[in-house]
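This report refers to the structure that appears directly beneath it.
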Amino acid sequence: MVLKRTAVITGGSEGIGLATAFAFMQEGCRVAICARNQKRLRAAKERLARTGDVLAVRCDVGKSGEVKKFISTVKENFGKIDFLINNAGVLLVKEFARTSEEEWNSVLDTNLNGIFLVTKHALPIMQKNGVIVNVSSGAGKRGFAHLTAYCASKFAVIGLTESLADELKDRIKVYAVCPGGVNTKMYHSAWPGTNPHSLLQPEHIAAKILQLCLKQKARSGSAIEIYNIRDAVEYVKERWL
Ligand SMILES: NC(=O)c1ccc[n+]([C@@H]2O[C@H](COP(=O)([O-])OP(=O)(O)OC[C@H]3O[C@@H](n4cnc5c(N)ncnc54)[C@H](OP(=O)(O)O)[C@@H]3O)[C@@H](O)[C@H]2O)c1
């Protein structure tokens, strides 16, 4: 019997992570998601469960003990990981001089250390020919005023991606994606009043992540920028339209 492929998606209760979970489930994968807020996680699980097998575990990716438990629950239930999507992230919009040490650390804990912890625990059960996709940002390619902690974390994600890809050779492919503005709670909480139709939609980013995982055509270690719908939808056109 061939086991279904398993996708682990951090920050899967909302936004890009939830759209990505749906995309993998539509391709017949089993999906494991995590997030901190139990109520939103449960709501996401109920929606996803209508499509297939889903596991939802409360876990803060910045906390080593919680990550260890999350990944061992995935191992107990699904046995292996084919695709790891390190998507959980937080945004801080604040002048550098006013950023506290606590705020700086909390951005780095989720956006960077979270990827280190989840990947470290997941790697031993990742399949050969598996894929890791780290969600960076356009703000991981150039710096912006009032986004120093966020940009520092997202630039670092690209360095981590390139280095890990080099280390794992082609046994497991490692990519970063760098989206521009996406219509999610994160974006609107920072820039309220933006026309949602002027932004990318979470499903566009999900489609690109799915394409990277299933096709594996891009060079391992690359950071793929997604700034407009054209960058994002070739897979959707090819597969779903
Ligand atoms: N929206 C954009 O314009 C945009 C652009 C470029 C890149 N990105 C990146 O895309 C990713 C997803 O962003 P989004 O816009 O979809 O954000 P979102 O709608 O705010 O969703 C973020 C998700 O991450 C979870 N999360 C946050 N901190 C976590 C932690 N420490 N541990 C576990 N889960 C955590 C949240 O759940 P809980 O709060 O319950 O934990 C939620 O499920 C982020 O890495 C973000 O930096 C977003």
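Things to note:
- Taking the DSSP bridge list for the chain and keeping only pairs wholly inside it, about 0 percent are antiparallel.
- Divided by 2.2 N^0.38 Å, where N counts the residues, the Cα radius of gyration of the stretch 1-105 comes to 1.17.
- Within the chain, CYS29, CYS151, CYS178, CYS213 have no other Cys Cβ under 4.7 Å of their Cβ and so lack a disulfide-compatible partner by this rule.
- Antiparallel bridge percentage (DSSP; both residues within the stretch 96-225; nearest 5): 0 percent
- Take the Cα of THR99, go 7 Å toward its beta carbon, and the backbone nitrogen atoms of the stretch 112-133 under 13 Å from that spot belong to 112.
- Its alpha carbons considered, the chain gives a radius of gyration followed by a Dmax of 16.7, 58 Å.
- Computed about its Cα centre, the charge dipole of the stretch 6-239 is approximately 480 debye, with only Lys, Arg, Asp and Glu carrying charge at their Cβ.
- The length gained on full extension between ASN37 and ASN77, counted as 0.36 nm times the residue separation minus their Cα-Cα distance, comes to 12.2 nm.
- Scanning residues 5 or more positions from ALA223 or on other chains, those with amide H under 5 Å from its amide H are ALA176, with H placed 1.01 Å from N in the peptide plane.
- Distance between modelled label sites at ARG142 and LEU123, nm, 7 Å Cα→Cβ extension: 3.4 nm
- Contact order for the chain, expressed relative to its length and based on alpha carbon pairs under 8 Å spaced 6+ residues apart, stands at 19 percent.
- Amide H partners (placed H, <5 Å) of VAL133, local residues excluded: LEU84, ILE85, ASN86, TYR175
- Once backbone amide H atoms are built at 1.01 Å from N, GLN201 has ASN183 as its partners under 5 Å, excluding neighbours fewer than 5 places away on the same chain.
- Two-decimal log10 I(q)/I(0) for the stretch 88-164, as the Debye equation yields it once each C-alpha is a single scatterer, q = 0.14 Å⁻¹: -0.47
- Table column - 3J(HN,Hα) (Hz), the stretch 4-21, Karplus curve with 6.51, -1.76, 1.60, x for Gly and Pro: 4, 6, 10, 10, 9, 10, 7, x, x, 8, 8, x, 4, x, 5, 4, 5, 4
- All alpha carbon pair distances within the stretch 98-228 were sorted into 10 Å bins beginning at 0; the resulting P(r) in whole percents reads 12, 40, 35, 12, 1.
Throughout, read-outs are computed from the coordinates displayed, never taken from laboratory work. The shown structure was predicted, so the numbers you read here are calculated from the model rather than taken from an experiment. Don't worry about glycine lacking a Cβ; one is built from the backbone with ideal geometry, like all the others, and counts go over all protein chains shown.
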